[in-house]
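Taking it in order: structure first as structure tokens, then the write-up.
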Amino acid sequence: MNRLNILVVGGCGYIGTHMIKALIASGHRPITLDNLSTGHRDLLPGGDFIEGAIENTALLDKIFSSRRIDVVMHFAAFIEVGESVQDPLKYYGNNFSGTANLLNAMIRHDIERFVFSSSAAVYGEPQYTPIDESHPLNPTSPYGESKLWVEKMLTACERAHGLRSIALRYFNAAGADESGEIGEQHDPESHLIPLVLEVARGTRDHIKIFGVDYPTPDGTCIRDYIHVNDLVSAHLAAIDALLDGAGSKAYNLGNSQGISVREIIETAQHVSGRPIPVVEDLRRPGDPAVLVAASAKIKNDLNWQPRFESIEEIVRSAWKWHAKT
Ligand code: UDP
């Protein structure tokens, strides 16, 4: 097996920590670069750690000139759609300009393989469902725009500099490693599954359902939840594809199953055996009714298959983590 030096930017975050664990298990040498603005140093499962930001050009030059880096994986981004509307420059700055700085440094040091965490937010309001990769790209928030612009920058960088990349458009990442040692921890938390499990755990009184009048069978929003370790295995497949010479591509990453907010709450109630009081609230601005991925392209091209197909398994793994934090 090829033992690779992999720079994982944002390795202390939710997906980053799971990625690091898988890279080590696959025999690679991960080096995490994280500014700890939202990440957790104590959850990093191993490998080298460098504290710093992608805006720090001198630091990037030092990292890239002190050792051979085979692949760069980029997880470091702000992820709150609502916040990106309130504070757009935070998103254009870090998510877009910061990534441009990182790519520039890679090009200066002839590093040509890049795996990018993109998002379903690049599509905007769905025109049909499930969404495939040829769906029009009309992001409705600065967050979605920042991800789309990076994808465009990556295509241009391949043409101009031979920098090859795979962008993975995440749908709803969820769940936690089976070990129960790492999991999702945002502060403040805004994601549905962790919030619902906080209610189950008794650290939150109720869960608000944002909108019960959507044109869906139970009136609540439908999303496509994918287990974090299935996301991670897609990244391993992306690394292999880049090593085999793959050119710049973007793939959806989801389970291709639509689950409603009410179904998540019922599943969490069942898995935890605890009551989960609900308050029906107004719609959250900008939420599309249904977001479900067509994932045939990544399955065909990268030979990827999700292992966690049922929402019950996904919520059970998250509960194992939340019940002990
Ligand atoms: N949601 C909800 N109550 C909450 C948080 C989220 O009803 O307290 C809904 C939200 O409107 C969306 C779904 O749960 O339909 C998933 O939201 P989340 O923020 O987890 O992920 P997103 O789909 O926005 O990426």
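The values are calculated or read from the model by the stated rules, or taken from the named source; none is laboratory data. Predicted model, so just to flag it, every value in this text is computed and none were measured. Here the Cβ positions follow ideal geometry from the backbone for every residue, glycine too, while neighbour counts run over all protein chains shown. Calculation scope for accessible area: heavy atoms of the full protein, side chains included, ligands and nucleic acids excluded. Shrake-Rupley method; radii C 1.70, N 1.55, O 1.52, S 1.80 Å.
Across all C-alpha atoms in the stretch 201-325, the radius of gyration and Dmax reach 17.1, 52 Å. Average 1/r across all pairs of distinct alpha carbons in the stretch 101-190, invert it, and you get the Kirkwood radius: 15.2 Å.
Around the Cα centre of the stretch 228-304, unit charges on the Cβ atoms of Lys, Arg, Asp and Glu (plus for the first two, minus for the last two) sum to a dipole of about 100 debye. Positive contributions from Lys and Arg (+1) and negative ones from Asp and Glu (-1), summed over other residues with Cβ under 14 Å from the Cβ of residue 144, come out at -3. Here's how it looks for residue 290: its modeled amide H is under 5 Å from those of 222, which are all 5 or more places away or on a different chain. Counting heavy atoms of the protein chains alone, residue 304 has an accessible area of about 10 Å² for a 1.4 Å probe.
Could you please state how large a percent of the accessible area of the chain is carbon and sulfur, counting protein chains only and using a 1.4 Å probe? Numbers along the way, then the final one.
Numbers: 6840 of 13800 Å².
Accessible surface attributable to carbon and sulfur in the chain totals 50 percent.
Across the stretch 42-144, the fraction of Cα-Cα pairs farther apart than 19 Å, rounded to a whole number, is 55%. In terms of overall dimensions, the chain has a Cα radius of gyration and Dmax of 19.0, 56 angstrom.
Determine the percent antiparallel among the DSSP beta bridges restricted to the chain, to the nearest 5. Don't skip to the end; give the middle numbers.
Values: 2 of 40 bridges.
Close to 5 percent.
Each residue of the stretch 228-239 was assigned a 3J(HN,Hα) from its phi angle through the Karplus curve 6.51 cos²θ - 1.76 cosθ + 1.60 (θ = phi - 60°); the sequence is 4, 6, 6, 4, 4, 5, 5, 5, 5, 5, 5, 4 Hz, with glycine and proline shown as x. For the cross-link pairs 62/147; 62/320; 249/320; 152/320; 21/249, the ones whose C-alpha atoms lie over 32 Å apart are 62/320; 249/320; 152/320.
Solvent-accessible surface of the stretch 69-117, taken per residue with a 1.4 Å probe and all protein chains present: 39 Å².
Under a 5 Å amide H cut-off, with hydrogens placed 1.01 Å from N, residue 207 pairs with 278, 279 among residues at least 5 apart or on other chains. Please give the residues of the stretch 1-34, grouped as numeric ranges, whose backbone N is less than 13 Å from a label point set 7 Å along the Cα-to-Cβ vector of residue 66. Taking a point 7 Å out along Cα→Cβ of residue 66, the residues of the stretch 1-34 whose backbone N falls under 13 Å are 31-34. Look at the alpha carbon pairs under 8 Å that are at least 6 residues apart: their mean separation over the length of the stretch 104-175 gives a relative contact order of 44 percent. Surface calculation, 1.4 Å probe, protein heavy atoms: residue 267 sits at approximately 20 Å² accessible.
Once you reduce the stretch 234-259 and the stretch 1-44 to the center of their Cα atoms, the two points are 18 Å from each other. For the residues 153, 19, a 1.4 Å probe over the protein chains yields an accessible-area ranking, largest first, of 153, 19. When DSSP beta bridges are restricted to pairs lying wholly in the stretch 1-138, around 0% turn out antiparallel.
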